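The values are calculated or read from the model by the stated rules, or taken from the named source; none is laboratory data. Please read these numbers as outputs of a predicted model, since none were measured by experiment. Note: ideal-geometry Cβ built from the backbone for every residue, glycine included; neighbour counts use all protein chains shown.
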Amino acid sequence: MKWLELCHATRENTPIYVHCHEGHGRTSVFCSLVRIAQKWTIERIIAEERTFGFDPDEEREQAEFIRRFADNVRNGHLDVPDLR
């Protein structure tokens, strides 16, 4: 949640660059969390992340985390800042 709070606090002031040294889906997860807070659908999020090399079949744990997180937000179990 701290990540989304940071994105909310800085969204109008400065760009945030996200990079993972290992490059195994973690960057896609963090960017997906922002898209969830922007009310994107899972299908749209995964499609966007695929354009950056994310493979939900190869990075199954990360893809499942994204889906669970989105479900928890949609069902009201998690409160995230609105980043639209």
Failed item, numbered, when GLU48 is tested on (1) surrounded by 11 or more Cβ atoms within 10 Å (Cβ to Cβ); (2) in contact with a Lys or Arg (Cβ under 8 Å, 6 or more places away or on another chain); (3) touching a residue at least 40 places away in the same chain (Cβ under 8 Å): (3)
Within region 10-21, considering residues that are out of contact with any Cys (no Cβ under 7 Å at 6 or more places or on another chain) and surrounded by 11 or more Cβ atoms within 10 Å (Cβ to Cβ), the one farthest from VAL34 (Cα to Cα): CYS20
Which numbered condition PHE54 misses (of (1) of a type in the set (A, V, I, L, M, F, W, C); (2) in contact (Cβ under 8 Å) with a residue 24 or more places away in the chain; (3) in a helix (DSSP H, G or I)): (3)
Hey, ILE36 at pLDDT 90 or above, in contact with a Ser or Thr (Cβ under 7 Å, 6 or more places away or on another chain), in a helix (DSSP H, G or I) and surrounded by 11 or more Cβ atoms within 10 Å (Cβ to Cβ) or not: no
In region 37-67, the residues that are out of contact with any helix residue (DSSP H, G or I) (no Cβ under 7 Å at 6 or more places or on another chain) and within 16 Å of LEU4 (Cα to Cα): GLN38, LYS39, TRP40
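Over 24 Å from GLY76 (Cα atoms), of a type outside the set (Gly, Ala, Ser) and surrounded by 15 or more Cβ atoms within 10 Å (Cβ to Cβ): which single residue out of PHE54, PHE30 fits that description? I'd like the intermediate steps shown before the answer.
Details: PHE30 fails: over 24 Å from GLY76 (Cα atoms).
Selected residue: PHE54, the only one of PHE54, PHE30 that is over 24 Å from GLY76 (Cα atoms), of a type outside the set (Gly, Ala, Ser) and surrounded by 15 or more Cβ atoms within 10 Å (Cβ to Cβ).
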Matching residues in region 57-69 - criterion: being outside any helix (DSSP H, G or I) and crowded, with 17+ Cβ neighbours inside 10 Å: GLU59
